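Working notes, structure below.
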Amino acid sequence: MWSALALTTLLPLAIAINVPQTYINTAIARTIELGGLTTQITTQYNIKPLDNSPGEYHLALAGENDVEPAWWEVSLGGKKLEGRLLDESPPTVAVQLGKTKKDEVITLSLTQVLAHTSTPLPAEIEQRDPQYLVWNTNSTYVDSWYPTDVERVKIRAPHPSILSYSSVPETYTRDNTITKSGGTLTLGPFHSLPPTLGTTKIAEQKAFSVHYETKDPVIGIRNLQRSAEVSHWGANLNIQDYIELVNEGPKLKGHFSRLAHQQSKFHASVPAQILTGFTMKLPPTAHSPYYYDYIGNVSTSHFRQGSTPATVQKNKKVRTSPRIVEGNLELKPRYPILGGWNYSFTVGYDIPLGDVLKTDSEKNRKVLAVPFLTGLKDVVVDNAELKVILPEGASDVQVYTPFAVDTIEHSIHKTYLDTTGRYAITLKKAQLTENHAQNVYVTYHYPLSAQLQKPLTIASLVGSLFLLGMGLRRVNYSIEKK
Amino acid sequence: MAPKAKSPSGTPLKTTPLSAPLPRKASADILSKSSLAVDDEPLPSGSTTPKVRKLAYPLPTHISPTTINNTESLLRFIILALICGAAIGSRLFAVIRFESVIHEFDPWFNYRASKVLVNKGFYEFWNWFDPTAWYPLGRTVGTTLYPGLMVTAGLIWHFLRLINMPVDIRNVCVMLAPGFAGLTAWTTYLFTTEMSTPSAGLLAAAFIGIAPGYISRSVAGSYDNEAIAIFLLMGAFYSWIKAMKTGSALWGMVTALFYGWMVAAWGGYVFITNMIPLHAFVLILMGRFNNRLYTAYSSWYVIGTISSMQVPFVEFLPIRTSEHMAALGVFGLLQLIAFVEIVRRLVPGKQFQLLLRAFVVLVFVVSFAALVVLTFSGWIAPFAGRFYSLWDTGYAKVHMPIIASVSEHQPTAWPSFFFDLEMLIFFFPAGVFWCFKELRDEQIFIIIYATLSAYFAGVMVRLMLVITPVVCVAAAIAFSKLLEAYIDPVIPESEEELEEATAHQPMSKAKAKKIAAAQQNKSEFNFTGILGGKGEKGVFGLDTRFAVVSVLSLFLFLFVYHCTWVTSSAYSSPSVVLASRNPDGSQNIIDDFREAYYWIRQNTEKDSVVMSWWDYGYQIAGMADRPTLVDNNTWNNTHIATVGKAMSSNEDAAYPILRKHDVDYVLVIFGGLLGYSGDDINKFLWMVRIAQGEWPDEVQEHNYFTQRGEYAVDERATPTMKNSLMYKMSYYRFHELFGGHPAQDRVRGQQIPSTGIQLDTLDEAFTSENWIVRIYKVKKEDPIGRELKAVSSFEGGKKLKKSASSSNAALASGAGGGRKSRPNM
């Protein structure tokens, strides 16, 4: 019946799919956390099937002209749910809700992270000015393929000072449209909202924007190149990041005054736009970190090593209860990074191989877990590259990624004392957020013969050099006959 | 075989790895003992009278000569290896304290050139034209540098890549100097062994390995020409001695190759170019001409000159400049003498010989006259200015302020001899004395070398480097002679005893004489004899020996201690990174230079031109990667003077200069906040002097001094000083930092007036954390054609009358009397 209807109404829409109207949203509650570069959106859907076998639920990830989320996750009752991403616009995911009965209410929750949705306004400020961002969306209402009974949208700004926000049409509201309390805006509640997507009874979306202040520097990473090098002999995994950092907040108007900066530091009121340092969370067993840039070591960094129950037990002096503590690497750039300024640098550290490498004894394979990136709060990585370098002689390599990546390349990497070269895998992906800091798993076959390859090659080379020397010493080069 | 045999040599060996001083002491001990053992060796077997030798302490007998020989060479090898290790290790202070970083100024250029060589290939490097240096002139780098250093580093880098060791070129550059210092120790050992005994060689190797005079130029990170030059110098000298002794053309060629490499690496090659001819000439004068000398010299000169001409920077200099004429002259002289020798051998007759001698003298005089004529007619360039400044120390200050402004070109102060060479400077004359005593051909070389370099080292601090090797060699010879004398266990017999011996034994007098002669030969320096007097056994007793040897060992210990201290405290600062101590004793690293350079690199336009005093040109090019007006390759005096003029004149005069040279940023070094004394205000007078050299009417040095002749930056400073761009840029907003308290300049110890400084044509763009580096952006012309002074006073809120033209805008701003009034207009 629905399909027939869709066929008959030939609407000039980009939407080519027909979503059978087998569900209704009894309530939707959305919370939007505004930040610097990222916006985190959590949405609770209360869903009621209208059928006994309603099929898949179509969950819209974005509105028609909206930015696609950089990261999203659907969960049902706290459990992560795998969805099938449809090849459609707007991006929609089809979710299997399992066996459902008619009129049984299901709570589905969707977490999304949007990147680059806030832009600085004004785009240029002076050194001591506060920084404001404006957040724009094309969807005031939560996008859905199904009608909604009640809907409420909360927008939380990081700071109470909100300069302005746009208005909401009163089409679906009863008493109040927007309530502001502190840094929180509540839109709605909206009642009896028709689907915003699809072919029937479309509720018209309206753009919405918030102009708010943020007290944290807006930091983006243009490029992140991580290389992870496995050494079985050294029982070590070295992780090294090359990072091109940019302050994406409002650009600095005029010039930087060290005097003003030192004065504001003295009064402990460093303006929000200035990045003077940040902390990277490292794995608990990470050790020997380093931090340098193109012209050498940067001496302004501190490292507090993490600990695990195992390491705590080893040195029993510590009386605290054994628990996992992450390592903290506090980095301070060479100069304070003001709006629009760049800073590129390299950071690296070592992890004992035992913590990240397991042996699958059944299949005789090694399983290696490499974190794709080190998550930084509210930071978007525009382009990331992960290069995993396996030891020489590793073969039969397979890669398992926690999320879809753009490209995977296999190559050979030659470095210290290699003869045949090492197997290297390069993964590339654009637009990553803190939530992408997950492990990539690489499995490979690494026999004992491969492990012995390097020492044997070097030993034989050195041995043959000695033999050559012995031989040459016994040759008489003199032209004269004796 | 015999455990006893091991004990004298074995025990010191065991202790060698414990600390640095021990190997040296051990080497002295072992070698004098073992060499002595070798000397003694024929005696027990050859002569049947072992009773005659009186020994101060027992020596193991029944050890076969081969064992001794083998042990000896093994020990020598191990000791030499340890010395090389110590030479490398003592140069790593900077790397361990700071990091693997390129030091100072010139090394940054060498490093940058090496990167070009490695990344873009040899031909690109050879033909490299650098448009970013000496903007807007550019610099043809390929033909204006000594490529030896970079090529050496590049070859090492390529070799390491070949064996799959992809070491970063920076690390190759940083570690090049220590690595070559190890090789220098080795060549010095070979060189000294030719002069004296291997034990002296080992001592010399140990001395040069840690002598501060050489370390000052070769710590890890000081990637400069001198880093490999001393190795090449010693290599060339060693192979020259070898060639001269053996008369082998092969060794002559090796000398030439070392020489060619040296020419490619360092301008100081002129020293070899004159040293070897001088040696040959002196030998001729002493009547020691022989065919070996002829072969060695000719093969060296021909191959060496041709190979030196391959370097683009040198090209035809060897046949066209006065510095190289001595070598050519001696070459000609040798040919003549050889010719005469042949003729003399074939044609007997004294008169003919006389004729020939006359002919030789005539040719010599004629060719010298031709040389003079050619020099004056301009075919042969006269000595370069830098060369003159070697003879007349006041020359540079008058004629070439740029050269005089470099601190390392100043005459050497006496304490620095002791500072750089410690006890070696006292042993040095003794060693030269011993050379006089033996006076073989090779020892004459040492004498000449010592005389020449002693003069040069006195003239220029920088040339301390040249004297260091010969001081080490001579001191090692003296030292080892002393040690040998006091460790030699043989007690020379007094006449009474001899008589006694002859009385007791019906031995022939001839044999007794022989023994006596042998012993006299053995103790050929009569120190012991003279000191002890005849029959004074006490001098040869163990107590005396112990006293002297332990005093000498103490000297060695002190030497090592001194060298380590000097290296650690004086010569291991990268000067790019400064270190200070926090109140709690922890190290605080002051990294302002790199902070500012990296800021420029990351946050300015790629083609923005940075103007600074020439000292920082190479660093800006290397670290900030931006075009510079002038840099440490001070080839264009006018360009440097232009920068000096811009810095020393007022804004009105400086602004057109800045704009004409497309300057976007001006960088000054200011140490007043931190007390960093090497800042631009302290160098300012040199800028003024150099500018005055070109524009004596516009810049005058006396205008920068107060009436009482003081160089002041406080209230007393002259208006010219206060209005100069350098003064304004250094102290701009400085007093505000003190929040009302008097602003103290910690370098000059003066109070900076708290009247604000107004900059009309520049904007402060960046100041580093400790205010050491201050960067100003040059304002563009006003879009509506006003003068910048008028613009800033307009923006300062001062109303301009409509009639006020731009010319009297200056008056308006001066008279405005607002909070930013100009001081002392």
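The values are calculated or read from the model by the stated rules, or taken from the named source; none is laboratory data. Being a predicted model, the structure only gives us computed values, none of them experimental. Because the Cβ atoms are built from the backbone with ideal geometry, glycine has one as well, and the counts that use them run over all protein chains shown.
Quick rundown of the values:
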{"quantity": "Criterion (closer than 19 Å to residue A:298 by Cβ and small (Gly, Ala, Ser)) met by exactly one of B:94, B:86, B:113", "calculated": "B:94"}
{"quantity": "In segment A:279-296, the residues that are in contact with a strand residue (DSSP E or B) (Cβ under 7 Å, 6 or more places away or on another chain), crowded, with 18+ Cβ neighbours inside 10 Å and either in a strand (DSSP E or B) or within 14 Å of chain B (Cβ to nearest Cβ) (or both)", "calculated": "A:280, A:282, A:289, A:291, A:293"}
{"quantity": "Scope segment A:261-278; condition in a strand (DSSP E or B) and within 14 Å of chain B (Cβ to nearest Cβ); matching residues", "calculated": "A:275"}
{"quantity": "Residue identified as within 14 Å of another protein chain (Cβ to nearest Cβ), outside any loop (DSSP other than H, G, I, E, B) and closer than 28 Å to residue A:340 by Cβ among B:601, B:659", "calculated": "B:601"}
{"quantity": "Tally, over segment A:87-110, of residues that are in a loop (DSSP other than H, G, I, E, B), of a type in the set (A, V, I, L, M) and buried (at least 17 other Cβ atoms within 10 Å of the Cβ)", "calculated": "1"}
{"quantity": "Odd one out for residue A:215, checked against (1) assigned to a loop (DSSP other than H, G, I, E, B); (2) buried (at least 18 other Cβ atoms within 10 Å of the Cβ); (3) in contact with a His (Cβ under 9 Å, 6 or more places away or on another chain)", "calculated": "(2)"}
{"quantity": "Per-region count, segment B:182-239, residues acidic (Asp, Glu) and either under 15 Å from residue B:465 (Cβ atoms) or assigned by TED's automatic domain parsing to the domain that holds residue B:444 (or both)", "calculated": "2"}
{"quantity": "Residue satisfying condition, being within 14 Å of chain B (Cβ to nearest Cβ), touching a residue at least 12 places away in the same chain (Cβ under 8 Å) and either among the aromatic types (Phe, Trp, Tyr) or closer than 21 Å to residue A:237 by Cα (or both), within set A:417, A:427", "calculated": "A:417"}
{"quantity": "Filter result (in contact (Cβ under 8 Å) with a residue 60 or more places away in the chain and either touching a Leu at 6+ places or on another chain (Cβ under 7 Å) or facing chain A (nearest Cβ under 10 Å) (or both)) within segment B:163-177", "calculated": "B:170"}
{"quantity": "Unique residue being acidic (Asp, Glu) and within 14 Å of chain A (Cβ to nearest Cβ) when the list is B:652, B:664, B:680, B:615", "calculated": "B:664"}
{"quantity": "Matching option when the condition is among the basic types (Lys, Arg) and either away from chain A (no Cβ under 14 Å) or crowded, with 24+ Cβ neighbours inside 10 Å (or both), among B:606, B:645", "calculated": "B:645"}
{"quantity": "Scope segment A:329-345; condition surrounded by fewer than 17 Cβ atoms within 10 Å (Cβ to Cβ) and in a strand (DSSP E or B); matching residues", "calculated": "A:330, A:342"}
{"quantity": "Subset of segment A:231-260 [among the aliphatic types (A, V, I, L, M), touching a helix residue (DSSP H, G or I) at 6+ places or on another chain (Cβ under 7 Å) and either in a strand (DSSP E or B) or away from chain B (no Cβ under 11 Å) (or both)]", "calculated": "A:235, A:237"}
{"quantity": "Every residue from segment B:98-110 that is modelled with pLDDT under 85 and more than 11 Å from chain A (Cβ to nearest Cβ)", "calculated": "B:104"}
{"quantity": "Subset of segment B:662-674 [in contact with a Gly (Cβ under 8 Å, 6 or more places away or on another chain) and outside any strand (DSSP E or B)]", "calculated": "B:671"}
{"quantity": "Subset of segment A:435-459 [surrounded by 19 or more Cβ atoms within 10 Å (Cβ to Cβ) and under 30 Å from the mean Cα position of the chain (by Cα)]", "calculated": "A:436, A:440, A:442, A:444"}
{"quantity": "Output for segment A:348-385, where each listed residue is in contact with a Lys or Arg (Cβ under 9 Å, 6 or more places away or on another chain), in a strand (DSSP E or B) and closer than 21 Å to residue A:285 by Cα", "calculated": "A:357, A:358, A:359, A:366, A:367, A:368, A:369, A:370, A:371"}
{"quantity": "Qualifying residue in segment A:197-205 (condition: part of a strand (DSSP E or B) and either of a type in the set (S, T, N, Q) or farther than 30 Å from residue A:389 by Cα (or both))", "calculated": "no"}
{"quantity": "Positions within segment B:618-636 being away from chain A (no Cβ under 14 Å) and buried (at least 17 other Cβ atoms within 10 Å of the Cβ), in sequence order", "calculated": "B:627, B:628, B:629, B:630, B:631, B:632, B:633, B:634"}
{"quantity": "Flag for residue B:561 being more than 12 Å from chain A (Cβ to nearest Cβ), touching a helix residue (DSSP H, G or I) at 6+ places or on another chain (Cβ under 9 Å), surrounded by fewer than 15 Cβ atoms within 10 Å (Cβ to Cβ) and in a helix (DSSP H, G or I)", "calculated": "yes"}
{"quantity": "Any chance residue B:236 is buried (at least 24 other Cβ atoms within 10 Å of the Cβ), in contact (Cβ under 8 Å) with a residue 60 or more places away in the chain and not aromatic (Phe, Trp, Tyr)", "calculated": "no"}
{"quantity": "Qualifying residue in segment A:366-380 (condition: touching a strand residue (DSSP E or B) at 6+ places or on another chain (Cβ under 6 Å), β-branched (Val, Ile, Thr) and within 14 Å of chain B (Cβ to nearest Cβ))", "calculated": "no"}
{"quantity": "Verdict on residue B:737 being farther than 24 Å from residue B:575 by Cα, of a type outside the set (Ser, Thr, Tyr) and buried (at least 18 other Cβ atoms within 10 Å of the Cβ)", "calculated": "no"}
{"quantity": "Helices (runs of 4 or more DSSP H) within segment B:235-343 that include 2 or more residues farther than 22 Å from residue B:126 by Cβ and among the hydroxyl-bearing types (Ser, Thr, Tyr)", "calculated": "B:291-308"}
{"quantity": "Within segment B:74-97, considering residues that are part of a loop (DSSP other than H, G, I, E, B) and within 17 Å of the chain's Cα centre (by Cα), the one nearest to the other protein chains (Cβ to nearest Cβ)", "calculated": "B:91"}
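Rundown of residues vs (1) surrounded by 23 or more Cβ atoms within 10 Å (Cβ to Cβ); (2) of a type outside the set (D, E, K, R), yes/no style:
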{"site": "B:120", "(1), (2)": "no, no"}
{"site": "B:130", "(1), (2)": "no, no"}
{"site": "B:134", "(1), (2)": "no, yes"}
{"site": "B:166", "(1), (2)": "no, yes"}
{"site": "B:170", "(1), (2)": "no, no"}
{"site": "B:184", "(1), (2)": "yes, yes"}
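Matching residues to (1) over 33 Å from the mean Cα position of the chain (by Cα); (2) modelled with pLDDT under 80:
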site: A:4; (1), (2): yes, yes
site: A:21; (1), (2): yes, no
site: A:28; (1), (2): no, no
site: A:39; (1), (2): no, no
site: A:44; (1), (2): no, no
site: A:72; (1), (2): no, no
site: A:75; (1), (2): no, no
